[in-house]
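These notes concern the structure reproduced below.
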Amino acid sequence: MEHLAWIAVDWGTSHLRAFAMDAGGHVLDKAQSRDGMGTLSQDAFEPALLRLVGHWLGSDPVTVLACGMVGARQGWIEAAYQSVPCKPAETGVTRAPTRDPRLNMLILPGLSQASPPDVMRGEETQILGALARNPDFDGVIALPGTHTKWAHISAGEVVSFQTVMTGELFALLAEHSVLRHSVSSTDLDSDAFDAAIAETLSRPERLAQSLFGIRAASLLSDQSDSLARGRLSGLLIGAELAATRPYWLGREIAIVGAPAMADLYARALKPQGVAATIHPGDDLTLMGLCLAYETLRKAAT
């Protein structure tokens with residue numbers, strides 16, 4: 001590809017996204033596949049990448065800078081962690097072994113926290129992008145997803161963070177528990193969501209009991225699947241907000257993620273007097289990768 005300078009890669013558990021970049025940080029082309037970390041053995045990462053971006057490559061080596069679960073212990077190679085407090089993606093890229101000499105494969109470090117123990121991979125790059133847009137941000141960045149992150153940001157650093165498995169719990173309950181018979185709709189009842197948020201924010205210890213009530217209501221009162229789905233989502237996010245209250249209470253909040261999920265979190269926080277700002281996660285991931293690449297390039301010159 002003419003003018004190709006480097007390749008940015010966002011490689012998560014279920015997806016692989018790549019961007020062909022020129023020297024000025026402009027996107028020349030982009031591609032994606034379902035070859036996420038969760039579907040690949042260690043020796044399958046390089047072939048998966050080449051299937052996606054091989055037609056961009058010429059004969060010369062090209063730097064590929066990646067973030068996300070590609071650097072997990074089950075990924076291409078286990079990449080380093082930076083310990084908080086720190087600026088994200090500041091030091092410690094890991095070079096992945098390659099057979100194709102055209103690939104200079106580099107993986108950004110994740111973040112780690114010793115006490116309480118916690119780790120993140122990929123979200124730190126979104127945080128880097130968010131801080132580039134708002135360098136003076138002082139507050140908490142929430143990153144909803146399979147494993148939602150709440151990161152305390154001050155003076156351009158991630159001071160601390162915590163992870164809540166709300167997204168994974170929702171998927172497990174909706175697809176593999178008795179509740180799967182009640183929440184098959186893809187629609188979500190907003191009123192049921194709001195009521196469930198309030199319920200578990202005030203009484204999070206009743207979560208397990210309240211969850212079974214979703215199934216009972218479906219059997220006894222012909223509760224709609226959209227109402228049941230709204231209630232399930234609200235109960236779980238409400239319990240998350242109860243657990244993370246010391247993070248978000250009285251602080252500026254930015255939500256980074258897919259619009260639909262970010263909107264749910266903003267809706268859940270609004271009755272608590274929190275007016276969160278929302279930022280698309282994909283845009284910030286690419287911005288973070290571009291900033292990290294520029295840091296590496298300058299360090300090499």
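Computed from the coordinates by the stated procedures, all read-outs in this text should not be read as laboratory data. All values reported here derive from a predicted model rather than from experimental measurement. Positions of Cβ are backbone-derived with ideal geometry, glycine not excepted, and every protein chain shown enters the neighbour counts.
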Residue by residue, what Karplus-based ³J(HN,Hα) values in Hz, rounded to whole numbers, does the range 9-17 have, using 6.51, -1.76 and 1.60 with θ = phi - 60° and x for Gly and Pro? 9, 10, 10, x, 5, 10, 9, 9, 10
Which percentage, to the nearest 5, of the DSSP beta bridges contained in the chain is antiparallel? 60 percent
At a Förster radius of 35 Å, what calculated FRET efficiency corresponds to the Cβ-Cβ distance of residue 74 and residue 222, to the nearest 0.05? 0.20
Distance in nm between label sites at residue 270 and residue 3, each 7 Å beyond Cα in the beta-carbon direction? 4.2 nm
Rank 60, 100, 282 by mean-square fluctuation in a GNM of the chain with C-alpha springs under 10 angstrom and give only the top-ranked residue. 60
For the range 122-286, give the share of DSSP beta bridges that are antiparallel, in percent and rounded to the nearest 5; count only bridges with both residues there. 60 percent
